[in-house]
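No value in this document is a laboratory result; all are computed from the given coordinates. Remember, it's a predicted structure, so these values are computed and weren't measured experimentally. All Cβ positions, even for glycine, are placed from backbone atoms using ideal geometry, and neighbour counts span all protein chains on display.
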Amino acid sequence: MIVLDTNVVSESSKLRPDPRVMAWLERQSDGDVHLCAPVVMEQFYGAEKVMLKQASDRYLRVAEDHVLRKFRDRLLPFAYPADRISGRIRALRESRGRPISIGDAMIAAICIVHGATLATRNVRDFDGLDLKLVNPFEAA
């Protein structure tokens, strides 16, 4: 199972996406690729910001297309025990002088609970966690 981070989802919906990311995505089986609740929220947050700024709902429609059509049956919720694990991740990272955002802690915890690999450009944000990572932006 692979969970896409926000930066991978956003890249794949660009008019001119990074060809490495698109090639990597094409090599994955659709049933193996999932989104999780914090990534969905970040997609809609970004789309709503653009809509308010540009008075265009294009990005909102793209976000809805990704979530409602492409990933409808492959959305991982944020629920126990991920909530407990994300709290632990944040506390441990802060105690080590390496804070992590709430969203990233939630994404990491969901991946840990499901034994999923996280596909992200920001591998450094997740290092030191018991988490499998892949960077599609560097994939050969």
Original post:
Counting only residues 5 or more places away or on other chains, whose amide H sits under 5 Å from the amide H of residue 33 once H atoms are built in the peptide plane?
Top reply: 2
Subject >> Within region 37-140: Cβ-based charge dipole about Cα centre, in debye rounded to nearest 20 (Lys, Arg +1; Asp, Glu -1) >> reply: 40 debye
Subject >> Cα→Cβ-extended label distance, 7 Å offset, between residue 57 and residue 130, nm >> reply: 4.5 nm
Original post:
Any idea what Rg and Dmax come out to for the chain if you just take the C-alpha atoms, in Å?
Top reply: 15.0, 43
Subject >> Amide proton proximity set for residue 100, modelled H, under 5 Å, gap of 5+ >> reply: 94
**OP:** With an 8 Å cut-off on Cα pairs and a minimum separation of 6 or more residues, tell me the relative contact order of the chain in percent.
**Re:** 32 percent
Original post:
Which of 109, 62, 129 sits closest to the plus end of the dipole of region 58-140, meaning its Cα is farthest towards the positive end, when Lys and Arg get +1 and Asp and Glu get -1 on the C-beta?
Top reply: 62
Original post:
Which pairs in the list 14/70; 49/132; 70/132 are over 21 Å apart, alpha-carbon to alpha-carbon?
Top reply: 49/132; 70/132
**OP:** With θ set to phi - 60°, apply the Karplus curve 6.51 cos²θ - 1.76 cosθ + 1.60 along region 67-77 and write out the HN-Hα couplings as whole Hz, x wherever there is a Gly or Pro.
**Re:** 6, 7, 9, 6, 10, 3, 9, 10, 10, 9, x
**OP:** Anything in the chain that counts as a DSSP H helix reaching 20 Å or more along its axis (C-alpha) with Kyte-Doolittle mean of at least -1.0? List them, would you?
**Re:** 37-54
Subject >> region 64-130: radius of gyration over Cα atoms, expressed as a fraction of 2.2 N^0.38 Å >> reply: 1.19
